[in-house]
Amino acid sequence: MNKREHDLIEAIYEAPLTEPVWSPSLKALRLALNAQGIVLLLRLPNEQDRGVIITDGLPGLEGEIGDNPYSDHFYSMDPFVNIPDNITVTLEEHLDMEALQASEFYRLSLEPFGIFHIAGIELSSGGDIDASLRLTRNKSEPGFSAEERALLNDLIPHLKRALRIHSRLESVSSEKELYAQAVSQLALATFFINENGLLVEANPMGERLLAANRGITLNAGKLSLRRPVDTQKLRAAIEAALKARARGDNVFAQAMPVYDQSGDCHLGLTVKPLAIKRHRESESEAVVAIFASDANARLDAPQAALTQLFGLTPAESRLATALANGLSLDDASKNLHISRNTARAHLRSIFSKTGVSQQTQLVSLILKSVAPLG
């Protein structure tokens with residue numbers, strides 16, 4: 001293996017981790033093969049989806065593209081039809097070049113971009129990978145040589161493996177984002193702390209809690225509570241979580257209440273260690289999670305979700321949400337600017353539709369339902 005091939009393989013495996021994803025690696029591949037442009041179709045376009053297409057070296061089309069002539073015309077008219085998977089095929093091998101230059105495909109999708117020579121690869125594993133790679137040159141340049149095609153063929157297994165890694169990382173990232181959104185909707189603030197006790201990240205609910213000055217703040221990058229004694233307890237809980245993590249105790253959890261000036265418990269904190277990663281960890285990585293529940297946080301249950309779950313009308317949904325947020329029927333009717341009799345009529349209808357007979361049961365039903373995730 002020569003240095004050029006070694007460097008290309010290294011760039012290919014970095015592709016899923018770069019930002020923007022794949023772009024630096026595609027540029028390295030394009031330059032190494034003296035190509036004018038390079039195109040990677042990660043998700044193939046169809047009638048309902050423009051797909052995900054990443055390019056480099058094509059003027060006006062670099063980066064991740066969608067709504068432009070390339071995605072509109074090129075893929076739908078791509079001449080590389082029914083070529084074998086996982087092998088480099090050139091346009092000269094596949095088509096009559098004189099007929100190509102007289103075609104609508106050439107006029108609309110190649111000539112405007114100065115494209116004449118193309119090397120194409122269908123990257124497929126029969127299931128988890130279905131991508132396409134195209135390298136282009138203009139008419140004044142020579143076509144892709146046998147040596148260059150051989151190099152591309154040697155890189156195919158590495159491209160496929162990097163694509164699988166990219167797909168797996170995308171799935172994990174998507175799941176993580178979904179879980180984070182769900183936790184945020186459930187009014188649970190989450191803070192991630194590194195081994196030095198510094199805040200690394202907070203979910204949206206955590207950021208709102210910090211901004212609301214509800215007794216938890218940042219002091220020199222560390223979480224602090226209104227009462228010094230509570231701050232000391234929190235620091236001790238974090239230290240205990242770090243020790244539990246060091247000994248591999250991932251089920252460790254320590255909870256503590258946070259009281260306001262009136263002596264009421266308005267925040268509940270739970271400190272848990274994160275699992276130790278298999279690779280070496282940096283000092284900036286999160287190692288402890290702190291979950292905070294706010295007793296005064298408002299439930300936001302969208303009307304559409306309550307309608308779909310229980311068949312409530314918009315007015316009934318507003319009343320049910322107000323009751324779930326701890327308001328009495330009288331207070332709810334005042335806040336909603338309706339009479340008490342109207343509120344009682346709505347409540348009777350809500351009871352009938354949900355199958356409960358008491359306000360406490362209704363509140364429990366809404367809080368335990370998936371309505372807040374709507």
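A few remarks follow.
- Conditions (1) open to solvent by 60 Å² or more (accessible area, probe 1.4 Å); (2) at pLDDT below 90; number of the one not met by Ala292: (1)
- Check on Gly248, open to solvent by less than 20 Å² (accessible area, probe 1.4 Å) and either part of a loop (DSSP other than H, G, I, E, B) or closer than 14 Å to Phe291 by Cβ (or both): no
- Residue list for segment 208-240, filter: in a loop (DSSP other than H, G, I, E, B) and out of contact with any strand residue (DSSP E or B) (no Cβ under 9 Å at 6 or more places or on another chain): Asn213, Ala220
- Restricting segment 255-270 to residues that are polar (S, T, N, Q) and open to solvent by 70 Å² or more (accessible area, probe 1.4 Å), the residue that is nearest to Thr190 (Cα to Cα) is Gln261.
- None of Ser167, Ser140, Ser145, Ser174 is closer than 30 Å to Glu201 by Cβ, among the hydroxyl-bearing types (Ser, Thr, Tyr) and without any contact (Cβ under 8 Å) to a residue 12 or more places away in the chain except Ser174.
- Residue in segment 30-45 that is more than 17 Å from Ala119 (Cα to Cα), open to solvent by 50 Å² or more (accessible area, probe 1.4 Å) and modelled with pLDDT under 90 present: yes
- Index of the failed condition, Thr231 passing every other in (1) crowded, with 18+ Cβ neighbours inside 10 Å; (2) free of Cβ contacts under 8 Å to residues at least 60 places away in the same chain; (3) within 27 Å of the chain's Cα centre (by Cα): (3)
- Members of segment 204-228 that are open to solvent by 70 Å² or more (accessible area, probe 1.4 Å), in contact (Cβ under 8 Å) with a residue 12 or more places away in the chain and among the hydrophobic types (A, V, I, L, M, F, W, C): Leu218
- Within segment 123-139, the set of residues being open to solvent by less than 70 Å² (accessible area, probe 1.4 Å) and of a type outside the set (Val, Ile, Thr) comprises Leu123, Ser124, Ser125, Gly127, Ala131, Ser132, Leu133, Arg134, Leu135, Arg137, Asn138.
Matching residues to (1) surrounded by 17 or more Cβ atoms within 10 Å (Cβ to Cβ); (2) outside any helix (DSSP H, G or I); (3) of a type in the set (A, V, I, L, M, F, W, C):
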position	(1), (2), (3)
Glu98	no, no, no
Gly120	yes, yes, no
Glu141	no, yes, no
Glu147	no, no, no
Ala150	no, no, yes
Leu163	yes, no, yes
Ser167	no, no, no
Lys176	no, no, no
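- Selection from segment 1-16 of residues that are assigned to a helix (DSSP H, G or I), open to solvent by 40 Å² or more (accessible area, probe 1.4 Å) and of a type outside the set (Ser, Thr, Tyr): Lys3, Arg4, His6, Asp7, Glu10, Glu14
- Checklist (1) touching a helix residue (DSSP H, G or I) at 6+ places or on another chain (Cβ under 9 Å); (2) at pLDDT 90 or above applied to Asp249, failing item: (2)
- Within segment 17-37, the set of residues being among the polar types (S, T, N, Q), in a loop (DSSP other than H, G, I, E, B) and within 19 Å of Lys160 (Cα to Cα) comprises just one member, Thr18.
The values are calculated or read from the model by the stated rules, or taken from the named source; none is laboratory data. Note that the structure is predicted; figures quoted are calculated from it, not measured. All Cβ positions, even for glycine, are placed from backbone atoms using ideal geometry, and neighbour counts span all protein chains on display. Side chains included, ligands, DNA and RNA excluded: accessible areas come from the protein's heavy atoms. Shrake-Rupley method; radii C 1.70, N 1.55, O 1.52, S 1.80 Å.
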